[in-house]
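Just below is one structure, and these are the notes that go with it.
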Amino acid sequence: MRCYVLVASLIAFILPGTASGATYVVRPDGTGDFPDIQTAINAASIGDVIELTDGVFVGENNRDLDFQGKAITIRSQSGNAETCIIDVEGGNRGFVFQSGEGSTSVLHGITITNGATDNGGGVLCVNSSSPTITECIFLENSADLFGGGIYCDESSPMISGCTFYDNAAFHASGACVGCTSDSHVTLENTIIAFSWAGSAVYCDGGSDAALTCCDLYANAGGDWVGSIAWQFGNTNPSHVGSCNTPYQARGVAVSGDIALVADRDSGLQIIDISDPASPVLVGTYETYGPAEDVAVSGNYAFVSDRNYGLLVIDFSNPSSPYRLGGCAIGDNVYGVAVSGDLAFMANNDDGLRVIDISVIWNPVLLGSCNTPGLAKDVATFGGLAFVADGVSGLQVIDISDPSSPVLVGNYSSPGP
């Protein structure tokens, strides 16, 4: 089963030409612009694209490939993962994201096979790394503990259009994806099948995985089991509980057993949802102006304060949230999204604002991009920001260089 949406179509149309940097070619025989993949990564700068030609990449600098925190794209030149293969040859993994990579660190259209290590036989995501992984194949990878295909620890990658086949996790589980320590993984349009040890997806330690339009079948340790069991066959949702907020709920984000609600004039409301039938309000933070939206990363809530800008609220103790930092960018601030070390804000007639949150207590305005309408909401995916721009419809912005975002496309909605 596959779901195709407008955003996915726009990505397919726009993504190949949005990178603002150089494009380098690497070949399995070493005759490209660089002799191997890691050397190309070492030389790459923000916005660069590394294209791998068809063939099988093997050897020391073609495995355990470290993105080094860089906002770059590594992709198959042909766009066909079946013909562009990284063979790890056992005892190692394919890729490592360990330096806080965000959504603009992209891996696309590559097969990773024969990885075998303690955690993350195919890909390792740690230290608040949240890369974008699209249309890749994970084949015959294994882990002694978590994540035969991908292991995430305090990390939140976006995984889209991928296929996991014949992977394994032996002693902890998550044959395809294993998550620990407050990781929040998104999987969409993905197939997870024929794992021969461990459940398809495993989450613990406050982690979760959100699956959309995914097929799971014939996995030895179970398909829709454990923390993702409730998502199976959920085509007829029913009302199970509610919690009234003091004013007017405008935005919501969820982290583990906590829901964070932007409640306009009543600020940020923190709700315990460990019992979905009886959610309980446990904490409140009064914002300066109306709270219009909220995003979450770890124990931090990023609140869009319409009269101020971005507020960073620490809710590690849900009953006593406090302000950790903020960035004043003016009034008429609405939607907010967070990816890695960046926050993106829809700022009405000032368009898209990009804020550096790498120093969490001192976020700094990094870049902006005017839009033709009134920016009301924003989402990010694969090096692009998608802005709901009022009567001007959808605006697509290249954020591969977050200090200089560029408008690259639009879709005019049929409204008045």
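The values are calculated or read from the model by the stated rules, or taken from the named source; none is laboratory data. The shown structure was predicted, so the numbers you read here are calculated from the model rather than taken from an experiment. Methodologically, a virtual Cβ is constructed for each residue, glycine included, from the backbone with ideal geometry; neighbour enumeration extends over all protein chains shown. Just so you know, the surface numbers come from the protein's heavy atoms only, side chains and all, with ligands and any DNA or RNA stripped out. Shrake-Rupley method; radii C 1.70, N 1.55, O 1.52, S 1.80 Å.
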Residue list for segment 188-207, restricted to those being buried (at least 20 other Cβ atoms within 10 Å of the Cβ) and either of a type outside the set (A, V, I, L, M) or not in a loop (DSSP other than H, G, I, E, B) (or both)
Glu188, Asn189, Thr190, Ile192, Ser195, Gly198, Ser199, Val201, Tyr202, Cys203, Ser207
Please state which one of Ile112, Ile50 is of a type outside the set (Gly, Ala, Ser), free of Cβ contacts under 8 Å to residues at least 40 places away in the same chain and closer than 26 Å to Ser207 by Cα.
Ile112
So is Leu65 touching a Ser or Thr at 6+ places or on another chain (Cβ under 7 Å) and either modelled with pLDDT of 95 or more or surrounded by 17 or more Cβ atoms within 10 Å (Cβ to Cβ) (or both) or not?
no
Positions within segment 87-127 being farther than 20 Å from Asn42 by Cα and touching a Ser or Thr at 6+ places or on another chain (Cβ under 6 Å), in sequence order
Asp87, Gly109, Ala116, Gly121
Checked segment 89-113 for anything assigned to a strand (DSSP E or B) and out of contact with any helix residue (DSSP H, G or I) (no Cβ under 6 Å at 6 or more places or on another chain); matches are Phe95, Val96, Phe97, Val106, Leu107, His108, Ile112, Thr113
In segment 306-322, the residues that are within 22 Å of the chain's Cα centre (by Cα) and open to solvent by 40 Å² or more (accessible area, probe 1.4 Å)
Ser316
For segment 380-396 the number of residues that are part of a strand (DSSP E or B) and either more than 23 Å from Ile159 (Cβ to Cβ) or of a type in the set (A, V, I, L, M) (or both) is 7
Can you pull out every residue in segment 323-360 that is closer than 24 Å to Glu101 by Cβ and open to solvent by 40 Å² or more (accessible area, probe 1.4 Å)?
Leu324, Asp341, Asp356, Ser358, Val359
Answer yes or no as to whether Thr53 is surrounded by fewer than 22 Cβ atoms within 10 Å (Cβ to Cβ) and at pLDDT below 95.
no
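Hand me the list of strands (runs of 3 or more DSSP E) wholly inside segment 136-187 holding 1 or more residues that are open to solvent by 20 Å² or more (accessible area, probe 1.4 Å) and either closer than 20 Å to Thr212 by Cβ or free of Cβ contacts under 8 Å to residues at least 40 places away in the same chain (or both).
137-139, 150-153, 158-160, 163-165
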Expected output for segment 274-291 (first residue more than 15 Å from Trp230 (Cβ to Cβ), partner open to solvent by 40 Å² or more (accessible area, probe 1.4 Å) and part of a strand (DSSP E or B), Cβ below 7 Å, 6+ apart or cross-chain) is Pro279/Asp272; Val280/Asp272; Val282/Asp272; Pro290/Arg264; Ala291/Arg264
Count of residues meeting criterion [touching a Cys at 6+ places or on another chain (Cβ under 8 Å) and either open to solvent by 20 Å² or more (accessible area, probe 1.4 Å) or closer than 17 Å to Pro157 by Cβ (or both)] in segment 208-226:
5
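Being at pLDDT 95 or above and either aromatic (Phe, Trp, Tyr) or over 14 Å from Gly340 (Cα atoms) (or both) narrows it down to one of Gly161, Gly122, so name that one.
Testing whether each residue is at pLDDT 95 or above and either aromatic (Phe, Trp, Tyr) or over 14 Å from Gly340 (Cα atoms) (or both) leaves just Gly122.
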Could you grab the pairs with beta carbons closer than 9 Å, sequence gap of 6+ or different chains, first residue in segment 67-89 and on the phi > 0 side of the Ramachandran plot, second one surrounded by fewer than 19 Cβ atoms within 10 Å (Cβ to Cβ) and assigned to a helix (DSSP H, G or I)?
Gln68/Asn42; Gly79/Pro16
